[in-house]
1. If you check GLU219 against the conditions, is it touching a Pro at 6+ places or on another chain (Cβ under 9 Å) and of a type in the set (D, E, K, R)?
2. Select from the stretch 26-65 the residues that are in a helix (DSSP H, G or I) and open to solvent by less than 10 Å² (accessible area, probe 1.4 Å) and write down the one among them that is farthest from GLY86 (Cα to Cα).
3. Would you be able to tell me the number of residues in the stretch 110-134 that are of a type in the set (Lys, Arg) and either modelled with pLDDT under 95 or in a helix (DSSP H, G or I) (or both)?
4. Assuming HIS165 fulfils every condition listed in (1) assigned to a helix (DSSP H, G or I); (2) modelled with pLDDT of 90 or more; (3) open to solvent by 50 Å² or more (accessible area, probe 1.4 Å) apart from one, which condition is it?
5. Kindly indicate the residue of the stretch 87-146 that is among the aromatic types (Phe, Trp, Tyr) and surrounded by fewer than 23 Cβ atoms within 10 Å (Cβ to Cβ) and also nearest to GLY256 (Cα to Cα) among those meeting that condition.
6. So which residues in the stretch 38-90 are of a type outside the set (A, V, I, L, M), within 20 Å of PRO232 (Cβ to Cβ) and touching a helix residue (DSSP H, G or I) at 6+ places or on another chain (Cβ under 6 Å), if there are any at all?
7. Does PHE181 satisfy being within 17 Å of the chain's Cα centre (by Cα), closer than 18 Å to HIS35 by Cα and assigned to a helix (DSSP H, G or I)?
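The values are calculated or read from the model by the stated rules, or taken from the named source; none is laboratory data. For clarity, every value in this text was computed on a predicted model and none was experimentally measured. When we count neighbours, we look across all protein chains shown, and the Cβ atoms used for this are built from the backbone with ideal geometry, even at glycine. To get the accessible areas, we keep the full protein, side chains included, count just its heavy atoms, and leave off ligands, DNA and RNA. Shrake-Rupley method; radii C 1.70, N 1.55, O 1.52, S 1.80 Å.
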Amino acid sequence: MLINGAGAKQVSVSAVQSTSSMLVAGTGRPLLLLHGFNAAASLVWWPVFRALSENFRVVAPDLPGLGESEALPGPPSASRVVGWLGDVIEECCDGPVTLVATSLSGGFGLRFAAAHPDRVRGLILTDSQGLAPFRPPPGFLIATTLNRLRPSQATAGRLVRYVIHDQDDVRRIHGPLWDVFISYMVSQTGRGEVRRAMSGFATRAVTRPVPVALLEDIEPPVGLIWGWHDRPFPISIAKEVSSQFGWPLEVIDDAGHLPYIEQPSTFVNAVNALAGRP
């Protein structure tokens with residue numbers, strides 16, 4: 001596994017709406033990592049999982065229908081996923097959690113924090129959906145659709161060009177593990193149940209922003225981490241939201257949509273700084 005040596009274990013929890021798989025490591029205050037629109041699911045956190053687990057008890061679930069988690073009964077609407085998230089937190093986290101939600105999952109994290117402020121110590125949004133209407137480059141939508149419908153090294157490579165700022169730098173940082181990760185992502189995308197789950201998320205969750213009134217009512221502290229070169233969710237979104245709501249913003253240079261993969265050390269430092277706020 002990509003996280004071998006990180007002290008992580010993979011567990012399954014059946015006392016939720018469906019059997020859910022997650023990676024767990026570390027001790028201390030709970031930090032729950034929610035991955036985005038990615039067939040690799042929780043393994044997308046592999047570059048930062050070990051470092052984060054040095055300071056927190058890290059829980060990284062696979063979203064319903066992705067990774068090793070079973071799909072929810074019925075379509076993966078935002079309300080269903082928020083309910084699932086509450087069950088996961090109740091079963092796996094001791095006390096209020098710090099949520100780190102990226103991309104697709106940002107909207108779920110926002111809705112959960114608004115509905116359950118007593119269960120959220122803080123919310124950290126990373127290159128997040130839900131803060132503005134989704135208007136990505138047309139080429140990104142084409143690449144995402146092709147990768148989902150015809151998974152291969154070629155279609156994965158086409159998608160990566162839109163989400164990674166500097167692939168040469170990523171290869172320098174991660175070496176052969178980068179190719180292992182891409183191969184795993186391709187193999188997972190080829191699974192019928194994963195493709196069905198991704199289609200459900202794409203049609204029901206990805207394009208809908210969270211209402212401004214709900215954002216204004218969020219009580220737990222919210223922080224933002226953003227890659228300067230993010231193409232699907234431009235940095236202008238983060239700057240505007242940070243200014244409007246007073247949410248602190250950590251900008252990661254030389255990173256696109258996946259700063260935890262592209263600049264892992266800087267990302268971990270940003271999470272530690274934001275999660276350490278009172």
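1. In short, yes.
2. We begin by selecting, within the stretch 26-65, every residue in a helix (DSSP H, G or I); these are 41-52.
Subset that is open to solvent by less than 10 Å² (accessible area, probe 1.4 Å): 41-42, 44-45, 48-49, 52.
Numbers: ALA41: 18, SER42: 17, VAL44: 22, TRP45: 21, VAL48: 24, PHE49: 22, LEU52: 22 Å.
The qualifying residue farthest from GLY86 (Cα to Cα) is VAL48.
3. Looking only at the stretch 110-134, we keep the residues that are of a type in the set (Lys, Arg), and these are 111, 119, 121.
Going one step further and asking which of them are either modelled with pLDDT under 95 or in a helix (DSSP H, G or I) (or both), we end up with 111, 119.
Total satisfying the criteria: 2.
4. Among (1) assigned to a helix (DSSP H, G or I); (2) modelled with pLDDT of 90 or more; (3) open to solvent by 50 Å² or more (accessible area, probe 1.4 Å), the lone unmet condition for HIS165 is (1).
5. Quick first cut of the stretch 87-146, residues among the aromatic types (Phe, Trp, Tyr) only: 108, 112, 134, 140.
With surrounded by fewer than 23 Cβ atoms within 10 Å (Cβ to Cβ) added as a condition, the list becomes 134, 140.
Working: PHE134: 16, PHE140: 13 Å.
Only one residue fits best here, namely PHE140.
6. Listed by number, the residues that qualify are ASN38, PRO47, PRO76.
7. Numbers: within 17 Å of the chain's Cα centre (by Cα): yes; closer than 18 Å to HIS35 by Cα: yes; assigned to a helix (DSSP H, G or I): yes.
Answer is yes for this residue.
Yes/no per residue for (1) within 17 Å of the chain's Cα centre (by Cα); (2) over 27 Å from ARG119 (Cβ atoms); (3) without any contact (Cβ under 8 Å) to a residue 40 or more places away in the chain; (4) open to solvent by 40 Å² or more (accessible area, probe 1.4 Å):
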position: VAL212; (1), (2), (3), (4): no, no, yes, yes
position: LEU224; (1), (2), (3), (4): yes, no, no, no
position: GLY227; (1), (2), (3), (4): yes, yes, no, no
position: SER242; (1), (2), (3), (4): no, no, yes, no
position: ILE252; (1), (2), (3), (4): yes, yes, yes, no
position: GLY256; (1), (2), (3), (4): yes, yes, no, no
